[in-house]
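The structure under discussion appears below in the form of structure tokens.
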Amino acid sequence: MFKTLREDIQAVLERDPAARNALEILICYPGLHAVWGSRLAHWLWGHDLKLLARWVSQLARALTGIEIHPGAQIGSGFFIDHGMGVVIGETAEIGANVTLYHGVTLGGTSLEKGKRHPTLGEGVVVGAGAKILGAITVGSYSRVGANAVVVKDVPPNSVVVGVPGHVVVRSKPHLPSDAPDLDHSRLPDAVGKTLIALMNRVEELEKRVDEHNNNGHHQVELIPVPHVLDDGVVWPGEDFSI
């Protein structure tokens with residue numbers, strides 16, 4: 001137990017450059033207070049003291065703004081940075097050395113009593129405001145971008161961005177011996193790259209039509225087509241700023 005508590009403190013020192021010493025962390029870090037409260041609540045939950053466990057978790061929520069159900073299973077080295085607004089559901093499972101930023105939700109999407117919350121593998125980093133919903137698995141050493149909404153399984157060593165989340169496999173796998181990957185601002189623009197590829201394709205087709213017309217063949221007229229998304233929403237104008 002004390003080994004786990006020490007690992008929790010060490011996780012803060014390693015992943016928050018603002019942390020100066022253990023005493024400051026003990027006194028001033030609500031994320032750590034919430035994690036320790038959840039560990040106590042989980043112990044009570046496992047010993048069939050469920051009402052007391054819920055009371056402890058609600059007390060920690062009132063003090064920290066972080067809600068962790070006592071049934072959630074949390075590994076060692078878990079770090080919640082800033083923390084306000086984090087919600088972790090009953091059947092969530094969190095591996096070792098996971099990092100969450102504020103506003104993250106590990107939520108359920110079913111009325112069933114069984115497994116209905118996410119599982120996060122070792123070393124996962126979840127950016128601010130991200131939502132991971134349902135009984136899905138985020139593979140080890142993956143990074144979920146800020147405000148992403150993840151509703152499908154994510155392979156290990158991936159980056160997830162967007163709504164719904166687009167999975168991009170890392171070109172260079174993150175190894176367990178590497179430092180924690182907290183650079184959650186470096187995110188690929190999957191939608192932007194797709195639009196660029198489509199526009200390049202349209203330009204290529206227009207060039208072929210011009211060449212066809214200039215060679216004296218039957219004139220082919222290009223009919224302007226509105227830009228339509230999959231859900232039928234039309235983008236007015238020609239401004240494709242992302």
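Every number here is computed from the coordinates shown, using simple stated rules; none is lab data. Note that the structure is a prediction, hence the values are computed from the model and not measured. Neighbour counts are summed over all protein chains in view; Cβ atoms, including those assigned to glycine, are modelled from backbone coordinates with ideal geometry.
Inter-part distance, segment 22-67 to segment 110-127, computed on C-alpha centroids, equals 19 Å. With the convex hull drawn around the C-alpha atoms of segment 1-57, the volume per residue stands at 74 Å³.
Using the Cβ-Cβ distance between LYS207 and ILE136 with R0 set to 35 Å, the FRET efficiency from 1/(1 + (r/R0)^6) comes to roughly 0.20.
On full extension of the chain, what length is gained from LYS172 through ASN214, given 0.36 nm per residue of separation minus the C-alpha to C-alpha distance? Don't jump to the answer; show the numbers that get you there.
Numbers: separation 42, 0.36 × 42 = 15.12 nm, distance 4.75 nm.
So the extension gain works out to 10.4 nm.
The packing ranking of peptides 41-49, 87-95, highest mean first, is 87-95, 41-49, where packing means the average number of other beta carbon atoms within 10 angstrom of each residue. The mean of 1/r over all distinct Cα pairs in segment 1-142, once inverted, gives the Kirkwood hydrodynamic radius of 14.9 Å.
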